[in-house]
Amino acid sequence: MREPRFHEVEGRSLAYWGLAALLAAIVAAGLTAAYFMEHIGHIITGMTNQIVWGVPHVVAVFLIVSASGVLNVASIASVFGKAPYKLLARLSALLAIALLIGGLSILVLDLGHPDRLIVAMTHYNFTSIFAWNIFLYLGFIAVSAAYLLVMMERRLNSYSRPVGMVAFLWRLVLTTGTGSIFGFLVSREAYDEAILAPLFVAMSFSFGLAIFIIVLMAAYRWTQRPLGGAILERLRNLLGVFAAGVLYFLLVYHVTKLYEAKHRGFEYFILGTGGIYTLLFWIGAIFLGGMVPIFLFYLARYRHSRAAIGAGALAIILGGLALIYDTIIGAQAYPLTIFPGMQVSSSFYDGVVNAYTPSLPECALGLGGVALTLLIVVSAVRLFRILPENLADIAFDLDPHEIGATPNRGALWAPADGR
Amino acid sequence: MRGPNVILLLEMMSLLLIAVACSGGASQPAVPKAKGIHCVRDTEWMRRNHMELLVRERDETVHQGIRNKQETLPGCMSCHVSRLPDGHFPSVASKKFFCNSCHTYVGVKIDCFSCHTNRPDGATPLPRAATRVDQLRAASLQRSETAFKAKEP
Amino acid sequence: MTRRKAKRELDAGRRRFLGMAAIASFALAPGVRLIGSAQSSSPASARANSKVRWGLLIDTNKCSETCQACVSACASYNGWKNEGRPTDPQWIRKVAIRDSETGLARTLPVLCQHCAEPACVEVCPTGASFRRADGIVLVDRHICIGCRYCMMACPFKARSFVHQNLTDQRPQAPRGIGTVEGCTMCVPRIDAGKVPACVEACAREGRGAMTFGDLNDRNSAIRRNIAAYSTTRFRADLDLDPSVQYQGL
């Protein structure tokens, strides 16, 4: 394998600055929303005393879950020793850090008192999985940064395997922790299941890789650097397995709940009578997040279609958002069962499905976090040597004919000889 | 030892600020006059350490249920907040509000009154004239002060 | 140094004062009303006692469908207002339940159940949710960051989040924007030896459906009732051991 050359992107074009400006504007909109949420109060959001976690949490959990999953690409290289993925490892670690910062920013800015962040850092209650997650998140950023450093600094390269191993284990614990934020909640029908932790791990594998593929394809198209079909198809095949994994854990989760009489009411709600939540489950999580990508990835006629890879990855992202929306908001919409078998009514919405309409500030805050993530990536690839100059199949020593990849269609730059 | 030094420096600076604030001069903040006969501690002590007292009282009250009728925020309010000539109480944002008279001046933001009321409560008693208990407390404070000074190198 | 010195002075002053206050309250405070029979008279400067476990027993047979006395007493003592919006706080609420088969109907107040194993306390990342030595579950709003995880965890919907700026709070019940709140069992009243506002109102305006007292005291009315009649604890499957129990369900 030839010595890979990483290079900063030039970043002088109008398009580059336009993209950066657009992202910065969305970040500013998110910060404005957070400012008003803090000073006027959560009254300006759609959140209530019934739906206490809303769209900001959906986006934040999606980003945090994806952050740990996106690091898998680097782990495949250094932990599982697959050399071709080394070229992708830097982008993988960078995306992991950026996604986590984006998600964490949303979570923090949605607090009732973001000004008391210092309290969250100085007062810990160790029976709280939330408190553990604060450690896990901050640690993850540190470990990923260290990982990026040992990969980028030639003299430290030899540490990339042990550091990569720590990062890989850390990310598994982190996603288990994120899933357990919900899994440990005994009171709600939707939660109180240990399987939420592995479901979240599977989700992270799938969403993270989908985001990685989209960012990779966009970066190489916009910088006009060559991106080979073979590596994309390898990533795609992996993504298909991950998407199927999510479907599997989702199936087990719902079958378990259906089997227990006390949870059947909730299952009927999500699977049948829940209106938007039912729609999001079937159209979003199952169809878009599972069926569509699996068909696009494995049907013979789309075998060499990059558009199919991009569309499948996008479908997984949309389906993933729908699934997390259901997991967080659908779970709160379904009423708590304090009096089993009784008809219940009160002024505090006991016994009724709780209404929730996302508001503009919440969406702005959520999008702001996404934009912050992308802004970090866009800036970092210009400042640091994150992206290889050449990801054509030949750079990986992959034989395009071996797995039937197309030649580098759309590549405007051909690798020069004798580099 | 760097941490304590920094804190010490900050404290010296804030004391300096308070000293400047209280030293007379044209820019001196106008501290509204209190109603009671004397404060729960010596005025000089309170100027420097009221936050220690407030935090202590806060934690003990909330977590342990120790309620000292006078050393409470409503207790402070009942003495230090009076109606303005127009008949209203000063608002939390007003410079005429007791805490603000100094806090605005030294630029230290306080976050007590997003939850606590900043008006006197008719039910909370004003500090009464010094009793035997007060005198004993004052004496014990004095003693601990002296003992502490003696130990200080 | 100044900070540490101030702390020491506080300590010395406090020890001295507490001693005095304890003596004073024995000598000077016979007017403090006793709850039950054998419990402490709770002088205001005394520490919450772990030998005591405050509890409520609510007799749903005596709870009238139309009566809102407990709710309005709580709202007025603690200064919260329900204007019918889903963002409004409700520390206590009247819930109507009906068995759809038999038509059996009851109304009852639901409030913080002050669990011995509270889910809210377990999940709180900063320790702002805590259980006092005498069993009262509270939020220390000085360290509450407003994450609402406790509201996700509570099986009884006992907590509310303050969605907007407040003014004119009650001096005895500070509450404010961006923090989570709920029934405090009227802790300032308990510390002063009185019963919670809802219990007082129920006895005065209602049919006396609520009994307040020390669950650990074998001679208290609440303990004798619990021993004599079968009572219900909500979500008993979760084994949270609530201090609020119901009779007649």
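The values are calculated or read from the model by the stated rules, or taken from the named source; none is laboratory data. All values reported here derive from a predicted model rather than from experimental measurement. We place every Cβ from the backbone using ideal geometry, glycine too, and count neighbours over all the protein chains shown. Side chains are part of the model used for accessible areas, which takes the heavy atoms of the whole protein and leaves out ligands, DNA and RNA. Shrake-Rupley method; radii C 1.70, N 1.55, O 1.52, S 1.80 Å.
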Residue within the stretch C:156-165 that is away from chain A (no Cβ under 14 Å), of a type in the set (G, A, S) and open to solvent by less than 30 Å² (accessible area, probe 1.4 Å) present: no
Residue list for the stretch C:192-249, filter: within 14 Å of chain A (Cβ to nearest Cβ) and part of a loop (DSSP other than H, G, I, E, B): C:R233, C:F234, C:R235, C:D239, C:L240, C:D241, C:P242, C:G248, C:L249
Candidate set: the stretch A:114-127, residues that are at the interface with chain C (Cβ under 7 Å from one of its Cβ atoms) and in contact with a helix residue (DSSP H, G or I) (Cβ under 8 Å, 6 or more places away or on another chain); chosen: the one surrounded by the fewest Cβ atoms within 10 Å (Cβ to Cβ): A:T127
From the options B:G107, B:G65, residue that is within 10 Å of chain C (Cβ to nearest Cβ) and at pLDDT 85 or above: B:G65
Unmet criterion (only one of (1) at pLDDT below 85; (2) more than 11 Å from every other protein chain (Cβ to nearest Cβ); (3) under 12 Å from the mean Cα position of the chain (by Cα)) for B:G87: (3)
Checklist (1) in contact (Cβ under 8 Å) with a residue 40 or more places away in the chain; (2) out of contact with any Ser or Thr (no Cβ under 7 Å at 6 or more places or on another chain) applied to A:F80, failing item: (1)
Filter result for the condition that a residue is over 18 Å from the mean Cα position of the chain (by Cα), within 14 Å of chain C (Cβ to nearest Cβ) and open to solvent by less than 10 Å² (accessible area, probe 1.4 Å), over A:I51, A:I40, A:I44: A:I51
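Here is a yes/no grid of residues against (1) on the phi > 0 side of the Ramachandran plot; (2) open to solvent by 40 Å² or more (accessible area, probe 1.4 Å); (3) modelled with pLDDT of 90 or more; (4) within 9 Å of another protein chain (Cβ to nearest Cβ):
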{"residue": "B:T61", "(1), (2), (3), (4)": "no, no, yes, yes"}
{"residue": "B:S114", "(1), (2), (3), (4)": "no, no, yes, yes"}
{"residue": "B:Q135", "(1), (2), (3), (4)": "no, yes, no, no"}
{"residue": "B:S140", "(1), (2), (3), (4)": "no, no, no, yes"}
{"residue": "B:R143", "(1), (2), (3), (4)": "no, yes, no, yes"}
Residue within the stretch C:5-28 that is at pLDDT below 95, part of a loop (DSSP other than H, G, I, E, B) and open to solvent by less than 20 Å² (accessible area, probe 1.4 Å) present: no
Residue tally, condition among the basic types (K, R) and at pLDDT 95 or above, over the stretch C:205-217: 0
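Out of curiosity, is B:E71 under 26 Å from C:S129 (Cα atoms), of a type in the set (D, E), within 13 Å of the chain's Cα centre (by Cα) and open to solvent by less than 60 Å² (accessible area, probe 1.4 Å)?
Values: under 26 Å from C:S129 (Cα atoms): yes; of a type in the set (D, E): yes; within 13 Å of the chain's Cα centre (by Cα): yes; open to solvent by less than 60 Å² (accessible area, probe 1.4 Å): yes.
Yes; evaluated as a whole, the condition is true for this residue.
Of all helices (runs of 4 or more DSSP H) completely enclosed by the stretch A:1-100, which ones contain at least 1 residues that are at pLDDT 95 or above, out of contact with any helix residue (DSSP H, G or I) (no Cβ under 8 Å at 6 or more places or on another chain) and farther than 21 Å from A:M217 by Cβ?
A:14-39
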Pick from the stretch B:42-59, criterion over 28 Å from C:A128 (Cβ atoms) and touching a helix residue (DSSP H, G or I) at 6+ places or on another chain (Cβ under 7 Å), ranking: least open to solvent (accessible area, probe 1.4 Å): B:R47
Top-ranked residue in the stretch C:81-92 [being under 19 Å from C:T179 (Cβ atoms) and either more than 15 Å from the chain's Cα centre (by Cα) or open to solvent by 20 Å² or more (accessible area, probe 1.4 Å) (or both); ranked as farthest from the other protein chains (Cβ to nearest Cβ)]: C:K81
Single match in C:T211, C:T231 (criterion: among the polar types (S, T, N, Q) and either closer than 20 Å to C:K157 by Cα or surrounded by fewer than 23 Cβ atoms within 10 Å (Cβ to Cβ) (or both)): C:T231
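Residues checked against (1) under 24 Å from the mean Cα position of the chain (by Cα); (2) in contact (Cβ under 8 Å) with a residue 24 or more places away in the chain:
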position	(1), (2)
A:I329	yes, yes
A:M342	no, no
A:F348	no, yes
A:Y356	yes, yes
Qualifying residue in the stretch A:341-360 (condition: at pLDDT 95 or above, within 14 Å of another protein chain (Cβ to nearest Cβ) and part of a helix (DSSP H, G or I)): no
Filter result (open to solvent by less than 20 Å² (accessible area, probe 1.4 Å) and not in a loop (DSSP other than H, G, I, E, B)) within the stretch C:166-188: C:A173, C:V180, C:E181, C:G182, C:V187
From C:L104, C:L108, residue being over 30 Å from B:D59 (Cα atoms) and modelled with pLDDT of 95 or more: C:L108
Residue within the stretch C:106-116 that is outside any strand (DSSP E or B), small (G, A, S), open to solvent by 10 Å² or more (accessible area, probe 1.4 Å) and closer than 24 Å to C:R53 by Cβ present: yes
Near pairs, Cβ below 6 angstrom, 6+ apart or cross-chain, from the stretch A:108-135 (in contact (Cβ under 8 Å) with a residue 40 or more places away in the chain) to any residue that is surrounded by fewer than 19 Cβ atoms within 10 Å (Cβ to Cβ): A:P114/A:V108
Scope the stretch A:73-93; condition of a type outside the set (V, I, T) and open to solvent by 10 Å² or more (accessible area, probe 1.4 Å); matching residues: A:S78, A:F80, A:G81, A:K82, A:A83, A:P84, A:Y85, A:K86, A:R90
Failed condition for A:Y298, given (1) surrounded by fewer than 22 Cβ atoms within 10 Å (Cβ to Cβ); (2) modelled with pLDDT of 95 or more; (3) of a type in the set (F, W, Y): (2)
